[in-house]
Structures are given as C-alpha cells and as structure tokens.
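The values are calculated or read from the model by the stated rules, or taken from the named source; none is laboratory data. Predicted model, so just to flag it, every value in this text is computed and none were measured. As a convention, Cβ positions derive from the backbone with ideal geometry for all residues, glycine included, and neighbour counts pool all protein chains shown. With ligands, DNA and RNA removed, areas are computed over all heavy atoms of the protein, side chains included. Shrake-Rupley method; radii C 1.70, N 1.55, O 1.52, S 1.80 Å.
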Amino acid sequence: MALSDAVTTLRGVGRSKAALLEKLGIRTLEDLITYFPRTYEDRTKLCTISELIPGEPRCFTAMVVTQPRTSYIRRGLNSTRCSIADSSAKIRVTWFNQPWMSKNLQAGETYCFYGTLTGDEKGKQILNPVVERLDGPPVVTRCVIPIYPLTKGLSSKALQNLIFQAMEQEELPDYLPRDLMKDFMPLRPAYTEVHRPTSPETLKLARERLVFEEFFLYALGISMMRARRDRESHYPCPLPVPQSFYGRLPFSLTAAQQRSLDEISTDLSSGRPMNRLLQGDVGSGKTMVALGAMLQAVENGCQAALMAPTELLAAQHYQTISAFLEPLGIQCALITGSLTGAKRRRLMDYVAVGAVKIVIGTHALFTDTTDFYNLGLVVIDEQHRFGVRQRAALAAKGNAPHMLVLSATPIPRTLALILYGDLDVSVIDELPPGRQSIETFLVSSGYRQRLNGFIRKQVDAGHQVYIVCPAVEENEDTNLTAAETMFETMQDTFPDLRVGLVHGKLRSEAKDYAMARFLNHETDILVATTVIEVGVDVKNATLMIVEDADRFGLSQLHQLRGRVGRNSEQSYCVLVSDNRNPETRKRLQALCRTNDGFAISQQDLDLRGPGDFFGQRQSGLPMFKNASLAEDLTVLKQAQAAADSFLSTHPDPEDPDYGPLFGRVRELFSRSDDTFN
Ligand code: ADP
Ligand code: MG
C-alpha cells in the first residue's frame, strides 16, 4: 500500500465511510495521516473543585458522595444526579440521558472527572462531565486529547483508528535534508505524537518537527518562485501607459496611485516578468491603476486579463472597464462560470484569435481551457482569496505573463514578507480626496427600534443601506441571524421600501439581478451575506449594518465597512452584537475608533492570529496544515533561514540527491485540489 492509495484500501472503509471522509477532504492515506487535530484539550493538569472557573473545562479527581440516581423528566429525557466532593468543596453533578452513570459509579469511590462548571451562585453544578476510573489507563482524563474537525456519522475515535491504520503502512516519506533534521524528533514518532499525544511537552516537540517541515518547504518554494523573476519576459512592454488612459480618466490619480502605476509601468517595460503586489485599503482606487497597467499591455500588443474572486465582482469590473474602454475602441469581454454554450464558445474564439484585448472573469478563466492569443498581463483582484499555489499555477501557465496582484487587506509587513515573499510591493497609502471617514458604532440588538429609525432616515434622504448577516438561512445549531429571515423582517418593518436579498446560495443570475437592482437604486435596502465583502461599489450607500458582528474578523469587518463611504456624504457602519465577552468587545471597539486599515489588520493579527486574519477561508495559507503563523513564528524564522542557507549551497533544483525534496515543493505549489475558494 502506498500513501497515495485511496482510503477504501483500509479495513472497514466501504463506500459510505469513504463518502464521510470525502466530506472532510480526505481521499488518500496521506490525506488521513495529515488530517491534523484542529486543537488539543490539555487535560493533564488537575485542579480542585474550589478552583473550578465557570465556563472553563477542567480535570479534577473527586469522590462520589451520594449514589447517582436517575429520574425521568419526559419522554426521551432523563437526568442522573449525584454529589461529588474533594477536600476543597462539594458540588452537584448532572448527566442528561446517561442513565448508565448510576451503575458505573459507586458512592465512596474516587474518580477522575473532566467537565465545566456552570450555573450561578445558587445552583452551581457540573453538566455531563466525562468520568474515568483512577486505576485504568488515562483515555479521556489526565491526558491531551486531540480535537479533530469531524462530520456527522464519523466519531473522533473512528477517525483516529483509521489514521493509525494508515500509518501502519510502510515508510513515511521524509523529504528534508537529513543534516538539517538531526535536532528534531524523527518523522514517524512526530506523526504518532500529534495524533495521540503522550504529554504536552512531547506534543510540542512533535508539532515543531511537522511545522518546521511545512515552513521549510514553503520558504523553499517561495524562493524558487522569486528566482523566476530573473528570466527574460516573453512580453516586453516598452511603450508606456498610453495618453488615452489619462485622457479618459474622470478624475486625476492620487499621488500614491500615480507612483504605483509608475512602478508597475517600469516593471512591464523592464524585459523581466513582473510579479507585483498592489496593496491599498478599500476604496483607495486600485482598479484604475490596474486598468492603466492593462492598457499599457494592450498598447504593446498583448492581451490582459483581470481575475476577480466572485462573479459579482467580475461583473462590476466589467461594467466599469467596458464603459471606460468603449470610446477607445478596445474590445473587452466578461467570462465567468455561468457563461455557457454557444455564447461562451464564440467569446472564447475571439479571445483565442486576439480580437478581445481585455478579458475580465472569475477564476473560471484559469480552471478551464481558456486559450489566449498572447496573454501578457494577469491582474488578480482581492488577493487574500487566492493562495500562493494559484499564483504559482498561473506563473507556470503559458509563457509566464506579467502578474499584478491587488490586495485590499493591508497586510502587516511581517506577514506580507512571508506570504508574498515572491512579489515586489507597491502601496497606495492615500484615499481619493473628499472621502469622509465612516462613523462606526457598536450596539446590542436591543437597539433594533432605533436602528430601524436610522435606516428610515437614511432612505428618506435618498441613500441606500446594506444589512450583512453571518448566515444564509436559519439554523438551530448556530443561532446566527440569517439573511433570509432578516430579509423578511425588513419587508415587514418597511412595507413601503424596496428590499433586496443576495447571498452565496443564490444562482448567479439571481445574485447579479439583486446586485444590479441595488446598484441602479431600484432597491433601498440590500440584505446580504459576505458575498458583498469584496470590491462592490455602490456610491449611494451610506449605511452598513452588520448583524452578529462578533462572528467576523476585524479585517473582514473593515472590508465590509468599505462598501459605504464611497462618496462625499457622511456614512455610517453599525455593528450589532450581543456578545459580552470582553475580548470580543475590545476587538469591535477598536474598529469603532479607527478607519485605518493597517492599524486594524495589525490589531486583528495581534488579537486573533493570522488564521482568523484571512477569515474562514484561509486560502492565503492553504499549504499549512499544522503551522500557525501566530504560534510558530520562531519556527518560521528558523525554517526561512534554513531554506535560504540550503538554497545557497544547493541552488540546483535538478540535483538528483534532492529530487524528492524539490519534487515535493513543486507538487505543493502546483496542487490544484484546493483551488480558489
Ligand atoms: P479599491 O481600491 O477598493 O478597489 P476602487 O478601485 O473600487 O477601490 O475605487 C473606489 C472608488 O474610488 C471608485 O468609485 C473609483 O471610481 C473612485 N476613485 C478611484 N481613484 C480615484 C481618484 N483618484 N479620485 C477620485 N475618485 C477615485
Ligand atoms: Mg477593488
């Protein structure tokens, strides 16, 4: 058996089990072995009952004082109760629907418990703790428990069994240079330890080994990508940005826009492939700079493509850009996943013969076989949704076109160096003139009435309102405000206003329709999910309400907020949250205080770490299964230094001694299994 074999080669994995694993993205034995716990519960430290803190799970030993008794509450619900005590205190314990507890536990005996203190002063108790005998092996208490992301029908135990079955197979491939690794825990013990930790200390060492590997391979890959810049470009663009671009501009560029465009223009004409990141806060005007670059490419006989993360955004770019280009006689086309049939083929033909100069689309542009005549420049908008792998795939495509990456998230420098180590950076650090800063408030849902009054006021003044919800539909588990429910509520609250709804589960025509109506001011209120997070530009919108704001990352909220304040009117952002957690409130209040995207992203990074920094998708860091940029910064630096020194002594990626190593790097950087979004 090989690591690339399907999970179905394992004992006990039939079609249905395989389908469950597939849901977790696990197809092969390798996927299984590298399906790392999301987190761990350290149950190795024991405390006393009096030391228990409400809401925090703890491990402690205690004697069962009264024999547990089960009482039936109603059909399908029973409770088993007893008191337990140690030398510090006595406390009540309740288990729901675990009647066997009354048989399993004996009054007078001492057990180890793991549970959470709940209730107020009057009725403190422990609900549903796990219990273990002290004379048995520590399986659920007194140990470190790995917590895996699971799916219904697959238990942690079952998953772990499969992982260890997969690990019985042959050698685990060790790609790293041996002399580098002599101070680390060997590979196999490291894998065993992360899946079944023996102690927090050994777990730490094991993680270090695996994290180092991830960072090392990544750093090597980035360096190899950077090296590509020294090649000669197939698309030299010596002619500058054409004057017709400046002639058509409805405004003059800000100094920062102009400086960035100049840097890009110099890259394009340099004779080497451009690999540049254009960073600028929401609303700083990246689109026009990108368009200037595209026109320079076209001026030099090349085609240019602009890639957006959503169809919505692609359509909006198309609208802006095609209107701009029309009098210039430059053909541009919109190609997205929803364009099909004869129409798609015809457009593709135009692209293939070079009649269409500028192509705007979603990632569908690159996932299927779009044939360009001579694609010289690729612009990727809203970079944080595209990972380094996609960048690598793109660079490898065709003749390595010039690449310009637009990022709306002002990424702190430390992080930018790691994530975009292969790119040069231009920064637009100034907003177009006349922008008002957005006033941001944090309120609880008790303010609903007043908030409705505020919505009314904005709409009466001729403005439009966004309401963003964290979920699409009502769901018992999550209790989050759903866009669909909010849409109905708004229709009921404001029967005379025009309310729209847009979310990711709608068909793309329905999405486009809702968006277009809002854009044309045919709706007053748009209820949405984060599909509107990136890029959407409706100048007349002056109020953004975010429901359950605590569910979003700070940078994400800042992005959302950037949807308003796009004209000279005073705009507002209202964060609605009933979360009382002081940390959470601190985060949200930070957003109320400042409009500076850089400050916010740094704060987000400090408070929550880079995982959350990228929102749920994390596609900025797709290749790290173990490593966390927040926790493992030291290992990262170590790995980066190691990669640099390794490359300086072994610069030849064809060196057969390191074939597997370089092969692994290439594989990691070209894998398409977790493509865009
Ligand atoms: P982002 O950087 O967030 O992508 P956009 O490119 O969407 O920003 O620009 C935001 C808005 O600002 C657009 O409506 C655009 O037309 C306008 N804009 C861009 N540059 C300028 C400028 N120099 N002066 C005035 N308005 C500008
Ligand atoms: Mg944009």
Lys and Arg at +1, Asp and Glu at -1: neighbours of Ile438 with Cβ under 11 Å from its Cβ sum to +2
Where Rh is the Kirkwood radius over Cα pairs, Rg/Rh for the chain: 1.01
Alpha-carbon Rg with Dmax, taken over the range 179-236, Å: 17.4, 58
Provide the per residue accessible area, probe 1.4 Å, for the chain, rounded to a whole number of square angstrom. 45
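Starting from the alpha-carbon convex hull of the range 143-261, give the projected area averaged over all orientations, in nm². Don't jump to the answer; show the numbers that get you there.
Values: hull surface 63.6 nm².
Averaging across all directions leaves 15.9 nm² for the Cα convex hull.
Order the peptides 175-187, 587-599 from the highest to the lowest mean number of other Cβ atoms within 10 Å of their residues. Walk me through the numbers before you get to the answer.
Numbers: 175-187: 14.7, 587-599: 17.7.
In decreasing order of mean packing, 175-187, 587-599 become 587-599, 175-187.
How high is the relative contact order of the chain, in percent, counting Cα pairs under 8 Å that sit 6 or more residues apart? Provide the component values of the computation, followed by the final result.
Working: 1248 pairs, mean separation 85.0, N = 677.
Dividing the mean separation by the residue count of the chain yields 13 percent.
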Starting from the amide H of Leu334, placed 1.01 Å from N in the peptide plane, find each other amide H under 5 Å away whose residue is 5 or more places distant or on another chain. Ile360
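Using a Förster distance of 30 Å, how high is the FRET efficiency between Ala510 and Arg456, based on the Cβ-Cβ distance and rounded to 0.05?
Here the calculated transfer efficiency is 0.65.
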If you stretched the chain out fully between Arg666 and Ala342, how much longer would it get, using 0.36 nm times the residue separation minus the C-alpha to C-alpha distance? 113.0 nm
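Dividing the alpha-carbon radius of gyration of the range 243-428 by 2.2 N^0.38 Å (N being the number of residues), what value is obtained?
0.96
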Highest first, please rank the peptides 541-551, 258-268 by the mean number of other Cβ atoms sitting within 10 Å of their residues. 541-551, 258-268
Considering only DSSP beta bridges where both residues belong to the chain, give the percentage that are antiparallel (nearest 5). 40
Accessible-area value, Glu488, 1.4 Å probe, nucleic acids and ligands omitted, Å²: 110
Amide H partners (placed H, <5 Å) of Val427, local residues excluded: Gln279
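Return the FRET efficiency for the residue pair Ser155, Asn78: r is the Cβ-Cβ distance, R0 is 22 Å, and the value is rounded to the nearest 0.05. It would help to have the intermediate numbers written out before the result.
Numbers: r = 23 Å, r/R0 = 1.04.
Efficiency, rounded to the nearest 0.05: 0.45.
Please list, by residue number, every one of the GluC sites (Glu not before Pro) in the range 91-138 that is coil in DSSP and has at most 15 other beta-carbon atoms within 10 Å.
Numbers: sites: Glu109, Glu121, Glu132; in loops: Glu109, Glu121.
Those satisfying the criteria are Glu109, Glu121.
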What whole number of Å gives the distance from the Cα centroid of the range 281-313 to the Cα centroid of the range 425-470? 28
Which cross-chain or sequence-distant (5 or more) residues have an amide H under 5 Å from the amide H of Asn78, H modelled 1.01 Å from N in plane? Ile73, Asn97
Rounded to whole angstroms and listed largest first, the alpha-carbon spread of the range 439-614 along its three principal axes comes to 43, 41, 33
Please give me, ordered by residue number, the chymotrypsin sites (Phe, Trp or Tyr not before Pro) of the range 91-167 that lie in loop per DSSP and have at most 16 other Cβ atoms within 10 Å. Trp100
If packing is taken as the average number of other Cβ atoms within 10 Å across a peptide's residues, how do 450-459, 47-56 rank, most packed first? 450-459, 47-56
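To the nearest 20 debye, what is the magnitude of the charge dipole of the chain about its Cα centre, counting +1 on the Cβ of each Lys and Arg and -1 on the Cβ of each Asp and Glu? Display every interim value, and only then the final one.
Working: 75 positive and 79 negative charges, 316 e Å.
Charge dipole, the chain, about its Cα centre: 1520 debye, nearest 20.
Kindly provide the helix-only [θ] at 222 nm of the chain, computed as the sum of -39,500 (n - 2.57) over DSSP H runs of four or more divided by all residues, to the nearest 500 deg cm²/dmol? Don't skip to the answer; put the middle values down first.
On the way: 22 runs with 252 residues, N = 677.
It lands at -11500 deg cm²/dmol.
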How many nm is it between the label spots at Asp424 and Ala323, if each spot is 7 Å from the Cα in line with the beta carbon? 3.3
Which ³J(HN,Hα) values, rounded to whole Hz and listed in residue order, are derived for the range 228-244 from phi using the Karplus coefficients 6.51, -1.76 and 1.60 in 6.51 cos²θ - 1.76 cosθ + 1.60 with θ = phi - 60°, glycine and proline given as x? 4, 5, 7, 6, 7, 7, 7, 10, x, 10, x, 6, x, 4, x, 4, 4
Virtual paramagnetic centre 7 Å along Cα→Cβ of Ala599, amide N under 16 Å, in the range 256-281: 281
Please report, for the Cα atoms of the range 1-53, the Rg to one decimal and the Dmax as a whole number; what are they, in angstrom? 17.7, 53
At the level of C-alpha centres, the distance separating the range 201-237 and the range 577-600, in angstrom, is 34
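Calculate, for Lys124 and Ser437, the FRET efficiency according to 1/(1 + (r/R0)^6) with r their C-beta to C-beta distance and R0 45 Å; round to the nearest 0.05. Please report the intermediate quantities before stating the final value.
Working: r = 47 Å, r/R0 = 1.05.
Here the calculated transfer efficiency is 0.45.
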